[in-house]
């Protein structure tokens, strides 16, 4: 159980870390945690109002973020999950479950009720 929790924590950390790196590279054009009401890039260096944003329009020109780059925060944690679920590293996640599934030893001195 502990190893599965650590794997889940690793997936969350990789998602947040890769998203923050992309936010640092692309700035407001990436829109990590921007929400529904925000300014979105129009693909030509300008900004389009989406909903009712509370913040003013960004002063920097927008940057076109490639589609595959937008999915990096999904692919990196998925790679970790695949690594620990479909390779020999799986034994580190399953070890606690295998140990707990062993049947209890039968002691002849116990009363059966």
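Tabulated values for the structure
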| read-out | value |
| --- | --- |
| For a label point 7 Å along the Cα-to-beta-carbon line of residue 40, residues of segment 59-91 with backbone N under 20 Å | 59-74 |
| Packing-based order for 5-13, 70-78, using average beta carbon neighbours within 10 Å, highest first | 70-78, 5-13 |
| Computed FRET value (nearest 0.05) for residue 21 with residue 82, which takes r as the C-beta separation and R₀ as 25 Å | 0.75 |
| Contour minus Cα-Cα distance for residue 89 and residue 57 (0.36 nm per residue) | 6.7 nm |
| Taking segment 13-95 and dividing mean pair separation by its residue count, relative contact order in percent (alpha carbons under 8 Å, at least six apart) | 27 percent |
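FYI, it's all coordinate maths here, none of it is from the lab. Remember, predicted model here, so these are calculated numbers, not experimental data. Cβ atoms come from the backbone with ideal geometry, glycine included; neighbour counts cover every protein chain shown.
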